[in-house]
Amino acid sequence: MTRRLASLLHRYGLSLVMLAIAAPSMMGQVDAQLSQYYEVPAYYNPGAVGLTDLLRIRAGSRLQWVGIDNAPKTFLGVADMPIAISRFKIGVGVVVEQESMGLYDNLTAGLQLGWKLKLLGGELTPALRIGILNEGFKGSKVYLPGDSDDETSSSTDEAIPTTDVSGTALDLGLGVFFTHKKGWWAGISCTHLNGPSIKFQSESGGTVSGGTDENGEAKYYTFKADPTLYFMAGGNIPWKNTLFEVMPSLMAKTTFTFTRVELNCRLRYNKFLTAGVGYRFDDAVIVTLGAEYRGFFLGYSYDYPTTDIAKASSGSHEIYAGYSMKINFGEKNNHKHKSIRIM
């Protein structure tokens with residue numbers, strides 16, 4: 001990143017980046033990049049519902065690339081629990097995520113249902129997510145830098161809407177998650193499985209045209225979310241004769257045009273205090289802290305970028321709070337622990 005580009009990022013923020021992809025036909029990633037993915041695994045994998053006998057709630061926010069105007073800001077809320085029906089056991093959950101970056105924002109919300117099966121000394125949960133994806137673009141605030149060296153000059157482009165537009169589509173996800181009684185876990189999933197495509201509508205009503213094609217027919221502003229494949233794995237390794245546990249984990253994601261891998265290692269004391277470090281390849285170094293007491297949870301992480309974006313940003317912050325409570329629908333609850341294995 002040159003000094004001029006860093007200056008432009010400071011001045012105009014992520015609007016420049018988002019305008020670069022704002023065209024009559026847009027494709028992109030929708031899922032937020034979360035450093036504490038192990039605290040909200042059901043966001044990426046619907047199979048990670050009902051992993052304990054507790055109703056488990058997590059909510060938090062991520063402020064990415066602090067110091068850059070209009071950088072991504074994410075809010076996430078997830079909740080899940082198991083339900084026993086006769087001899088069968090299912091996991092149910094809900095996830096809501098809202099993110100804004102530059103002139104662009106999205107909202108995802110979904111219900112999750114998983115079928116729990118005893119297998120190989122553990123529990124396998126295939127699951128489905130059914131939800132919606134809402135995308136919006138603030139075309140009324142569009143600014144395009146001009147062709148001259150004057151940073152204050154501007155231009156227009158018919159490929160970019162000049163009014164506020166939005167749209168909604170059905171969004172599906174699928175996942176499988178396995179937890180073993182010895183403390184390790186793994187899961188594979190695909191979000192936006194149906195590749196939802198949104199035709200933007202003006203907020204004042206009506207479909208917005210983005211010029212004409214070579215046949216003179218109107219083109220419309222659309223957004224298509226890429227199906228994204230995830231793999232997560234980790235475990236709890238007791239430190240012999242101590243109250244410490246080592247908790248390594250990893251997450252890899254790919255759209256087959258973009259791939260990213262993250263490694264983490266945390267140390268937990270007495271199922272109470274947790275500290276760790278992580279590395280997201282070609283992106284950031286991560287430090288995490290957490291505490292859990294009587295069902296209450298608080299977690300924080302800080303990302304320091306390892307790319308040239310560090311010239312414009314002091315890093316990213318992420319914080320979560322949550323609570324876990326015992327549930328009982330009349331059947332005997334034999335699980336006494338209040339700590340999820342992947343925490």
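Data for the structure
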{"quantity": "Over 21 Å (Cα to Cα) - which of Lys89/Lys181; Lys116/Lys326; Lys181/Lys271; Lys182/Lys253 fall in this group", "calculated": "Lys182/Lys253"}
{"quantity": "List Met325, Met101, ordered by accessible area with a 1.4 Å probe, largest first", "calculated": "Met325, Met101"}
{"quantity": "Ranking by accessible area, most exposed first, for Cys190, Cys265 with a 1.4 Å probe", "calculated": "Cys265, Cys190"}
{"quantity": "The range 280-322: trypsin sites (Lys or Arg not before Pro) in DSSP loop, at most 15 other beta carbons within 10 Å", "calculated": "Arg294"}
{"quantity": "Packing-based ranking, highest mean first, of 115-121, 75-81 given that Cβ atoms within 10 Å are counted", "calculated": "75-81, 115-121"}
{"quantity": "Accessible surface of the range 46-135, 1.4 Å probe, proportion on carbon and sulfur as whole %", "calculated": "72 percent"}
{"quantity": "Modelled FRET efficiency - R0 56 Å, Leu111 with Asn241, Cβ distances, 0.05 increments", "calculated": "0.80"}
{"quantity": "From phi via Karplus (6.51, -1.76, 1.60), per-residue ³J(HN,Hα) for the range 116-127 in Hz, x at Gly/Pro", "calculated": "9, 10, 6, 7, 6, x, x, 9, 9, 10, x, 8"}
{"quantity": "Asp171 long-range amide H proximity, modeled H, under 5 Å", "calculated": "Gly131, Ile132, Leu133"}
{"quantity": "Residues Gln201 and Lys141, FRET efficiency given R0 of 25 Å [Cβ-Cβ distance, rounded to 0.05]", "calculated": "0.90"}
{"quantity": "The range 28-133: C-alpha gyration tensor shape, a/c 1.5 cut-off, then a/b vs b/c", "calculated": "prolate"}
{"quantity": "Listed residues His317, His192 arranged by accessible area, highest first, probe 1.4 Å", "calculated": "His317, His192"}
{"quantity": "Spacing of the two label points (7 Å from each Cα toward its C-beta) at Leu229 and Val92, in nm", "calculated": "3.3 nm"}
{"quantity": "In nm, spacing of pseudo-spin labels at Thr259 and Ala275 (7 Å Cα→C-beta vector)", "calculated": "3.5 nm"}
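The values are calculated or read from the model by the stated rules, or taken from the named source; none is laboratory data. Since the structure is predicted, the reported quantities are computational estimates derived from the model, not experimental observations. Here Cβ is always computed from backbone atoms with ideal geometry, including for glycine, and neighbour counts include all displayed protein chains. With ligands, DNA and RNA removed, areas are computed over all heavy atoms of the protein, side chains included. Shrake-Rupley method; radii C 1.70, N 1.55, O 1.52, S 1.80 Å.
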